1. Taking 0.36 nm per residue of separation and subtracting the Cα-Cα distance, what length does fully extending N7 through E144 add?
2. All other residues with a Cβ under 13 Å from the Cβ of Q46 taken together, and with Lys, Arg as +1 and Asp, Glu as -1, what is their net charge?
3. Within the set of other residues whose C-beta is less than 13 Å from the C-beta of A31, count the net charge using Lys and Arg as +1 and Asp and Glu as -1.
4. For a label point 7 angstrom out from the Cα of T42 toward its Cβ, which stretches of the range 54-68 have the backbone nitrogen within less than 20 Å?
5. If you place +1 on the Cβ of every Lys and Arg and -1 on the Cβ of every Asp and Glu, how big does the dipole about the Cα centre of the chain come out, in debye to the nearest 20?
6. Once fully extended, how much extra length lies between T30 and T135, figured as 0.36 nm per residue of separation less the alpha-carbon to alpha-carbon distance?
7. Taking the Kirkwood radius as the inverse of the mean 1/r across Cα pairs, report the Rg/Rh of the chain.
8. Provide the solvent-accessible area of H25, counting protein heavy atoms only and rolling a 1.4 Å probe, rounded to the nearest 10 Å².
Amino acid sequence: SVAVPANVMGTNRTVRTRLFGEYWHSAGATATFNLRVGFSTTTMYQDATGSLAVSSNTRPIWMEFNLTNLGATNSQLLAGKVVIAGTGGAITGQGDMSTTATQTASINGTAAIATTSAATLDVFVRHSVASTLITYRHITGYTELI
């Protein structure tokens, strides 16, 4: 979550958030990675991946969300991209570019929240299966006003 102070977005500013983490699913049935992005009281985007196969390798995850006021302080558009790497092995590092198992989605959504008051941008991650063998580890991220 990140707090967006009152009046900083004006009528045309963007709050950009970038997150990097890892998804690990080492045993049991296939599962999905569920993502929800909300702004104040509005869910702007929510969906689940296709089935993610069990693997002893972690999957790098990169997410970017741009929340923009569209010419008014109460009209927003969320645009972003989510990439979950396949489980194959890279020559060095993580993420297999030679497989189609990588899942990429361009996303968007809308809201009508008055940014003349403080609001919160939330990113929620949930798994479809409850298990200690399925985890999302947030590694780093930042939010900036552009």
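1. Working: separation 137, 0.36 × 137 = 49.32 nm, distance 1.48 nm.
Contour length minus the Cα-Cα distance gives 47.8 nm.
2. Working: positive: R36, R126; negative: D47, D122.
Every neighbour counted, the sum reads 0.
3. On the way: positive: R59, R126; negative: none.
Counting the neighbours of A31, the net charge comes to +2.
4. Once the point is set 7 Å along Cα→Cβ of T42, 64-68 turn out to lie under 20 Å by backbone N, inside the range 54-68.
5. Values: 8 positive and 6 negative charges, 18 e Å.
My answer is approximately 80 debye.
6. On the way: separation 105, 0.36 × 105 = 37.80 nm, distance 1.31 nm.
Stretched out fully, the T30 to T135 stretch lengthens by 36.5 nm.
7. Details: Rg = 16.7 Å, Rh = 16.2 Å.
With Rg and the Kirkwood Rh in hand, the quotient comes to 1.03.
8. H25 has an accessible surface of roughly 0 Å² with all protein chains in place.
The values are calculated or read from the model by the stated rules, or taken from the named source; none is laboratory data. Small disclaimer: the values here were computed from a predicted structure and weren't measured. A quick note on method: Cβ atoms are made from the backbone with ideal geometry, for glycine too, and the neighbour counts reach across all protein chains shown. These accessible areas exclude ligands, DNA and RNA; they are computed on the full protein's heavy atoms, side chains included. Shrake-Rupley method; radii C 1.70, N 1.55, O 1.52, S 1.80 Å.
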